[in-house]
Each structure stands twice: as C-alpha cells, then as structure tokens.
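FYI, it's all coordinate maths here, none of it is from the lab. Quick caveat: nothing in here was measured; it's all calculated off a predicted structure. With ideal geometry, Cβ positions are generated from the backbone for all residues, glycine too; neighbour counts draw on all protein chains shown.
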Amino acid sequence: MSQAVYQPSDLPRRMASKIEVDPESGCWLWTGSCNREGPSGYGTVSYQGKTELVHRVVFKLLVGEIPEGFQLSHAEPRGLHHTRCCNAKHLEAVTKEEALRRRDWEKARARRTRCRHGHEYTPANSYLDPRGFRQCRTCRSERNKNR
C-alpha cells in the first residue's frame, strides 16, 4: 500500500504561499501568523470564517476530518516537534492520552524562558516546586499579595 504524497501546492494558493519547506526534515513550516511568539507558537489561519490552527486545517483539507475525541500529533519516530509544521504526512490523529504519553516534558519545560505572564525565568526569579515544576517567584508573590 503506497502512502499519499502531498505538496503545499495541493492547498489553496494563499495558504500555500505561507509555507516554507525545510529540506532536511521535510516539515512544512508556517510563515504566517501564529497564536504565540517564539518556538511554542502554532500557526493560525482564517478558514471558513474563523481562526483555526493551520496544521488542523491542512490535515482536514488533505487527509480528512479529525475523528471525534482525537487530536493531531506529530507522527513517530521522527522525534522532531515543530509547532509550526503543517505537513499532513507528519501528523496523525491520536487520543489525548497517546499525545500526552509521547510528549517529552523535560525538553518542553527547558525550552520555556518565561512564565505564562511574561516574567523571565532566571535563577533569582524561579524555583522548582515539590513536583519538579519550575515556578515564577514574581507570580507567586503577586498571588500572595492578592490573598
């Protein structure tokens, strides 16, 4: 059984114009708008009147609907996880449990340089809680003031 071969040109022209193919990994890197700054942001696109994550739209257009209760995950064993990759060949529909099992939590945490409120993680402004999660001292101080 042969695998489908997709090209950015299989997509609507405006969408395809915002995709840059990485020759090494084969990832289709989205160069358009993203929902977040930095390496953790996912590409977004306006599709059928609403803003959606571009990898989900590409999957729907080239592969088909994402089954109810499933989400998209980068297929194993590639090992790379580019949040801006929208190559349908690199994505697969999996359950939430499977997606969480595949995630490399240590690497994901190490990539973060700021807390969700924008405070920089520095040795003076962060600490590890008893569960091993890095916490922001500024946010903790602000929470304590509001109590």
Give the residue that is surrounded by the most Cβ atoms within 10 Å (Cβ to Cβ), with candidates limited to residues of the range 40-66 that are aromatic (Phe, Trp, Tyr) and closer than 20 Å to ARG13 by Cβ.
PHE59
Are any residues in the range 114-147 surrounded by 11 or more Cβ atoms within 10 Å (Cβ to Cβ) and assigned to a strand (DSSP E or B), and if so, which ones?
ARG114, GLU120, SER126, TYR127, ARG134, GLN135, CYS136
Members of the range 1-39 that are of a type in the set (Gly, Ala, Ser), touching a helix residue (DSSP H, G or I) at 6+ places or on another chain (Cβ under 8 Å), surrounded by fewer than 14 Cβ atoms within 10 Å (Cβ to Cβ) and assigned to a loop (DSSP other than H, G, I, E, B)
ALA4, GLY26
